[in-house]
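Peer 1: One structure, as structure tokens, below. Some questions next.
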Amino acid sequence: MSGSDPGKGGMPAMSPAVVVVALALLMGIQPITTDLYLPALPLLARDLHAPMAGVQLTMSVLLLAFGFGQLTMGPVSDRFGRRPVLLGGLGLYTLASVLATLAPDITVLIAMRAVQGVGMAASVVCARAMVRDLYEPHQGAHVMSRGLSGLGVIAMLAPTVGGLVAGWAGWRAALGVVSASGAAMGLFIALKVPETARSLNPHALALGPLLANFRTVLGNATFRAWATLVTFTYAGLFVLLAGSSFVYTGPLGVPPWGYGLAMASASVSYLVGTFLCRRWLPRLGLAGTVRIGGAFTLAGGSLMLVLGLADVRHVAPVLLAHWLYSFGHGIHQPCGQSGAVGPFPRMAGTASALAGFMLSLTAFGVGLWMGQAMDGSLKMLSIGVFTAAVATTAVAWTLVQRDGEHLAPRPA
């Protein structure tokens, strides 16, 4: 099945370029919601007279709602289709973003961030499911890597734009950019993206069949291999996103603008990873490609640990380790996200939801650990990255090699 097949109900098909742009925007809603918002946190805390615990809750609640929201949005999209869930989710996201911009206190802001998380869940779940609707797994991994290259560009620009807007007009203006982004995505989907689900499951939301679908997906060894790979590689990335600013601007002595450049360079490394992933897939397949990715991930995590234990205070070697991990992440993400939904052409939404829930719940747990353990030192950051790197590589070299290519649908 290719992306040029007619859409459901006679709607026009999407060109490959439109599919890639849609994926980049829908997956890119994550860095827009988090990375663009991060530079505004100090201003927000001051203006709302909010304690640090309350400010951090605006991030952790978002992640938690995002995780649980996926469990709902995936089956809903299997029942009613991707397009209505996308439009409804983006509408909810935009409304919550506007209300967050106008929030009079931290309590209202926390509540609106939770609603944002649910809307974000609809966007990301449907994006992953759409790839399985339109493409077979190996072709889908290629398309997903192109979409994630676009996400990398968004991730590179988001903190820079957020910092400039917040510095110029305050934290509410930064959230205003988030609101405008949600509205623009909704308009793009309304105009350019038809329904992609080839068939709808009228029983997808019935409790019995829903639980049976969850058991079917979780019982599938291919799903477990790829979903675990994506979860572990994202855990390491989350450590870097949430903790690296304290290390770069602290013991490494990098100014804030220099930290922005460091993160942008890591995004470039991620983009290169997604590009080479596309080059290797036709020759090596999914499992062979992530086998190579695992070597880069382990190299980055190991180098980071050595530097942390030696208490190195030089930016260049730390940045090299950061690049290596980001490069490996650029390989694992497109392969893992496509592979996790590969066995389930009729339950792509449910499989996507469970994979996303695993990732979000793990990131939430990592965030809790970092809140207790992180002391601003490279040593603690390196321990987190190394642990995630070892776990990611172990899965890439064992579970994925054993089960990753078994992508034929299996009976429920």
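The values are calculated or read from the model by the stated rules, or taken from the named source; none is laboratory data. In this text the structure is predicted, and so the values were computed from the model without any measurement. Please note: Cβ atoms are built from the backbone with ideal geometry, for glycine as well, and neighbour counts cover all protein chains shown.
Peer 1: If Leu284 satisfies all but one of (1) farther than 30 Å from Leu64 by Cβ; (2) at pLDDT 95 or above, what's the number of the condition it fails?
Peer 2: (2)
Peer 1: To continue, here is another question. Of everything in region 223-238 that's out of contact with any Lys or Arg (no Cβ under 8 Å at 6 or more places or on another chain) and farther than 14 Å from Gln333 by Cβ, which residue is surrounded by the most Cβ atoms within 10 Å (Cβ to Cβ)?
Peer 2: If we take residues in region 223-238 being out of contact with any Lys or Arg (no Cβ under 8 Å at 6 or more places or on another chain) and farther than 14 Å from Gln333 by Cβ, then Phe223 is surrounded by the most Cβ atoms within 10 Å (Cβ to Cβ).
Peer 1: Could you check how many residues of region 328-361 are among the aromatic types (Phe, Trp, Tyr) and surrounded by 24 or more Cβ atoms within 10 Å (Cβ to Cβ)?
Peer 2: Counting residues in region 328-361 that are among the aromatic types (Phe, Trp, Tyr) and surrounded by 24 or more Cβ atoms within 10 Å (Cβ to Cβ) gives 1.
Peer 1: Only one residue in Thr222, Thr249 is in contact with a Pro (Cβ under 9 Å, 6 or more places away or on another chain) and under 30 Å from Arg79 (Cβ atoms). Which one?
Peer 2: Thr222
Peer 1: For region 3-26, how many residues are surrounded by fewer than 22 Cβ atoms within 10 Å (Cβ to Cβ), modelled with pLDDT of 50 or more and of a type in the set (A, V, I, L, M)?
Peer 2: 7
Peer 1: Would you confirm whether or not region 38-46 contains a residue that is of a type in the set (D, E, K, R) and in contact with a Gly (Cβ under 9 Å, 6 or more places away or on another chain)?
Peer 2: no
Matching residues to (1) over 30 Å from Gly250 (Cα atoms); (2) in contact with a Pro (Cβ under 9 Å, 6 or more places away or on another chain):
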residue	(1), (2)
Trp323	no, no
Gly330	no, no
Ser352	yes, no
Ser377	no, yes
Ala391	no, no
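Peer 1: Here's something else I'd like to know. So Pro31 passes all but one of these: (1) within 21 Å of Leu151 (Cα to Cα); (2) without any contact (Cβ under 8 Å) to a residue 60 or more places away in the chain. Which condition number does it fail?
Peer 2: Tallying (1) within 21 Å of Leu151 (Cα to Cα); (2) without any contact (Cβ under 8 Å) to a residue 60 or more places away in the chain, Pro31 fails exactly one: (2).
Peer 1: So which residues in region 311-359 are of a type in the set (Gly, Ala, Ser) and modelled with pLDDT under 90?
Peer 2: Gly336, Ser338, Gly339, Ala340, Gly342, Ala348, Gly349, Ala351, Ser352, Ala353, Ala355, Gly356, listed by residue number.
Peer 1: Next question. Take region 174-194 and flag every residue that is crowded, with 18+ Cβ neighbours inside 10 Å and in a helix (DSSP H, G or I).
Peer 2: Answer for region 174-194, where residues must be crowded, with 18+ Cβ neighbours inside 10 Å and in a helix (DSSP H, G or I): Ala174, Leu175, Gly176, Val177, Val178, Ser179, Ser181, Gly182, Met185, Gly186, Ile189.
Peer 1: Can you find a residue that is part of a helix (DSSP H, G or I), modelled with pLDDT of 85 or more and within 20 Å of the chain's Cα centre (by Cα) anywhere in region 49-60?
Peer 2: No, region 49-60 contains no residue that is part of a helix (DSSP H, G or I), modelled with pLDDT of 85 or more and within 20 Å of the chain's Cα centre (by Cα).
Peer 1: Right, something else. Quick check on region 310-329. Is at least one of its residues closer than 19 Å to Ala121 by Cα and touching a residue at least 12 places away in the same chain (Cβ under 8 Å)?
Peer 2: The answer is no; no qualifying residue exists.
Yes/no per residue for (1) surrounded by fewer than 20 Cβ atoms within 10 Å (Cβ to Cβ); (2) assigned to a helix (DSSP H, G or I); (3) in contact (Cβ under 8 Å) with a residue 60 or more places away in the chain; (4) over 21 Å from the mean Cα position of the chain (by Cα):
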site	(1), (2), (3), (4)
Thr196	no, no, yes, yes
Ala212	yes, yes, yes, yes
Leu240	no, yes, yes, no
Gly243	no, yes, yes, no
Val247	no, yes, yes, yes
Ser265	yes, yes, no, no
Ser269	no, yes, yes, no
Arg279	yes, yes, no, yes
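Peer 1: Mind listing whichever residues of region 71-94 are closer than 28 Å to Trp171 by Cα and either touching a Ser or Thr at 6+ places or on another chain (Cβ under 9 Å) or of a type in the set (Phe, Trp, Tyr) (or both)?
Peer 2: Leu86, Gly89, Leu90, Tyr93, Thr94
Peer 1: Tally time: how many residues in region 61-82 are surrounded by fewer than 22 Cβ atoms within 10 Å (Cβ to Cβ) and either hydroxyl-bearing (Ser, Thr, Tyr) or at pLDDT below 80 (or both)?
Peer 2: Selection size over region 61-82: 1.
Peer 1: Something else now. Report yes if Phe364 is of a type in the set (Phe, Trp, Tyr), touching a helix residue (DSSP H, G or I) at 6+ places or on another chain (Cβ under 9 Å), closer than 19 Å to Val55 by Cα and crowded, with 17+ Cβ neighbours inside 10 Å, otherwise no.
Peer 2: So Phe364 passes the test.
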